[in-house]
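The values are calculated or read from the model by the stated rules, or taken from the named source; none is laboratory data. All of these numbers come straight from a predicted model, not from anything done at the bench. As a convention, Cβ positions derive from the backbone with ideal geometry for all residues, glycine included, and neighbour counts pool all protein chains shown.
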Amino acid sequence: MNRFKRFAAAIAVASLLASAGCSQSPSLKSRIDSALQIQGIEHSKKESYALIINGDPSQVHLKNVSLAYSSLVKLGFEKSKIIVLSEKKPENYTSKESVSADATLDNLVAAADSLSEAVDYNDTVVFYLTGHGFSNAGYSILQLYGDSEIYSADFRELVEKIGVGRSIIISDQCYSGGFAEEFANFPGDAIAVSSVDARHETSCSTFSIPFWNSFSESYADLNKDGAVSVEESFLTASKEHREALSSNEDLTSCEYVTSHIDDAFIGKP
C-alpha cells in the first residue's frame, strides 16, 4: 500500500467511525476535547496550543519531549493545551492537566481532529516532531509508534485540515527537511524548521537542546528586543548544531521555511 492509500485509509476509517457516533480512539478524543474545553465557536482571544509527537522510546528522544514540554510551559502555554503523543510521558508531565497517548497514526488523527474543533484564525499551534526519521523514494517519513509512520506530505495535509491561523513546525529527526519544505507554499501562516535537509541523517539533540533552551536565554535575543523569536532560536541552535557536528556539514544543513510570515514569537499574542 503506498503512502497516500495508507494515510487515506486511516482517514477514511476515522470518518466512518465518527459518522457512526464514535471515534477511532474515543477515550483519547474525549480526553483531548475535555482538556481543550472545545466550544465549537470562534473566539477573539488568541490561544496557543502544542502537539508533541515522538514514536521512539529511547532516552535521547524522551529527553527531547521533556525539554520541549517544559519550554512550552515556561513560554506560557497552558498544560491543558499541550498534547503529548509519546510512548513515555515527559518527566514533568501532569496527567490531570495535559493529555498523552502513544504516537500512533490513529491517535495523531484523533489529536488533529480535536484541534480542528478547538482552534480558529486567532490561534497558534506548535507541532514538535522528534524520534526516528527516514527517507523512501525521495519522501521524508517520521516513524510513529510501533510500525506506523507518516510521510511529510500527509503531515502537511493533516496540519492544513486543522485550519489554525498560525502553524509552527519544529522537526529534528533524520531527513526532517522534507517536512519543513512541505510548508513553503502553505495556505496559512506557517514557519517550519528542521535540523537537517531532506537528504541526510543527523543528530537531533545537538539541535533540539539549544533550540528549546534558547527561548529563555538572553544571548539568543539577537536583536535585543527583550524576547527570543522562532528565527532567533533557530539561528542559535543551528550555530551550535554546526559546531557540534563540524566534522560532517551534511548533518547540519538546517532549514527555515516560511509561508506568509517571516518570524513569530511562541507563546505570545
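Observations on the model:
- Single match in Leu158, Leu129, Leu144, Leu115 (criterion: at pLDDT 95 or above, over 19 Å from Ala180 (Cβ atoms) and touching a helix residue (DSSP H, G or I) at 6+ places or on another chain (Cβ under 7 Å)): Leu115
- Checklist (1) of a type in the set (A, V, I, L, M); (2) touching a strand residue (DSSP E or B) at 6+ places or on another chain (Cβ under 6 Å); (3) over 24 Å from Ala264 (Cα atoms); (4) in contact (Cβ under 8 Å) with a residue 60 or more places away in the chain applied to Ala103, failing item: (4)
- Restricting attention to the stretch 223-257, the residues that are crowded, with 18+ Cβ neighbours inside 10 Å, in contact (Cβ under 8 Å) with a residue 60 or more places away in the chain and more than 12 Å from Thr202 (Cα to Cα) total 3.
- Criterion violated by Ser229 - all others in (1) closer than 30 Å to Lys161 by Cβ; (2) in contact with a strand residue (DSSP E or B) (Cβ under 9 Å, 6 or more places away or on another chain) satisfied: (2)
- Among the residues of the stretch 208-236, those identified as of a type in the set (A, V, I, L, M), touching an Asp or Glu at 6+ places or on another chain (Cβ under 9 Å) and assigned to a helix (DSSP H, G or I) are Ile209, Ala220, Val230.
- Pairing each residue of the stretch 37-49 that is surrounded by 15 or more Cβ atoms within 10 Å (Cβ to Cβ) and at pLDDT 70 or above with any residue that is of a type in the set (D, E, K, R) and assigned to a loop (DSSP other than H, G, I, E, B), provided the two are 6+ apart or on different chains, yields C-beta distances under 6 Å for Glu47/Asp123.
- Scope the stretch 210-222; condition under 12 Å from Leu75 (Cβ atoms) and without any contact (Cβ under 8 Å) to a residue 60 or more places away in the chain; matching residues: Ser214
- The residue list Leu62, Leu105 contains one member that is crowded, with 21+ Cβ neighbours inside 10 Å and either among the aliphatic types (A, V, I, L, M) or at pLDDT below 90 (or both), which is Leu105.
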